[in-house]
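Structure record follows, encoded as structure tokens.
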């Protein structure tokens, strides 16, 4: 049990720190090149640890379409949106706003799948919305007092919350004959194929030939494969509801990494907004079954 909790803790720490690593890598490459590198590194890592031979064997046309949708949403779409967002906002803001993703998931389940939300859950939704607004409205400064304009980037982070809610629901309801681990590996490899074709056509793959040693260190450390595998292994052993408690640490890890690596100042209004978001998430999720997929893809 201790090893399971360690896996979940490492997953959220990797995801939290990945915001700062992403911002560092984006100083040298464009979002498509970054996503290509992440999918490539993630696929190599995950295939090296995959336990199931013939991962794609036996998929019919419907399963292929479902796998394509999962990959385009949770791998290609999520990583591209977040890479674009982090060009225009801080790791601090991104971490706090993305913490509200479970609220988006709960709202989507209520609106489209008839899942009931009690009064406490609706109050939690309101708290989360208020906290998100506080984060968006708070100023973000870096070492030396420089101000980072965050409005457009924060909007894209909010968009990624909605996209991730779609991914979580698809992972929970599709390809049930396959394990979470196998679907995660297949979706990452599919994402690599999509990004390889896109960057070959657009020419962005050339950017990876000019990346510095520091840039490759950032690209390597933010490989999403490790976080995905730790998370899904923990969820399978501990269950989604118990695992969800560890996600409260992710924005704290993002805040710490932004401060230590990028010199981002910690604004009191953003911290207050983050506290409201986490309280809202707790109220929304209390007593409900959570779809068993990770909350963050960066």
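We did not get these values from a lab; they are worked out from the coordinates using the rules stated. Just so you know, these numbers come straight off a predicted model, no measurement behind them. Every residue, glycine as well, gets a Cβ built from its backbone with ideal geometry; the counts of neighbours run over all protein chains shown.
Run the numbers on the chain and let me know its relative contact order in percent, using alpha-carbon pairs under 8 Å that are six or more apart.
About 44 percent, as a whole number.
Once all Cα-Cα distances of the chain are split into 10 Å bins that start at 0, what whole-number percent is in each one?
7, 29, 37, 22, 5, 0
Normalised by the residues of region 1-156, what does the relative contact order come to in percent, with Cα pairs under 8 Å and at least six apart?
Relative contact order here is 29 percent.
Which value in deg cm²/dmol, rounded to the nearest 500, describes the helix-derived mean residue ellipticity at 222 nm for the chain, given -39,500 (n - 2.57) per DSSP H run of n ≥ 4 and division by the residue count?
About -23000 deg cm²/dmol.
If you rank 172, 154, 60 by fewest surrounding Cβ atoms within 10 Å, what's the result?
Sorted ascending by nearby Cβ count, the order is 60, 172, 154.
For residue 137 and residue 108, calculate 0.36 nm times their separation in residues minus their Cα-Cα distance, and state this gained length in nm to one decimal.
Roughly 7.9 nm would be gained on extension.
If the chain between residue 210 and residue 268 were fully stretched, how many nm would it gain, using 0.36 nm times the residue separation less the Cα-Cα distance?
16.9 nm
Can you give me the orientation-averaged projected area of the convex hull built on the Cα atoms of region 39-113, in nm²?
7.4
Provide the packing ranking of 28-40, 174-186, i.e. peptides ordered by the mean count of other C-beta atoms within 10 Å per residue, highest first.
Packing proxy ranking, top to bottom: 28-40, 174-186.
Specify the inter-centroid distance of region 1-56 and region 61-105, based on alpha-carbon positions, in whole Å.
Answer, in whole Å: 13.
Between residue 56 and residue 217, how many nm apart are label points set 7 Å from Cα along the C-beta direction?
Reported label-point gap for residue 56 and residue 217 is 3.6 nm.
Could you give the nm distance between label points at residue 129 and residue 162, where each point is 7 Å from its Cα heading toward the beta carbon?
Calculated label separation equals 1.4 nm.
Given the peptides 117-127, 80-90, arrange them by the average over their residues of other C-beta atoms within 10 Å, most packed first.
Answer by packing, highest mean first, reads 80-90, 117-127.
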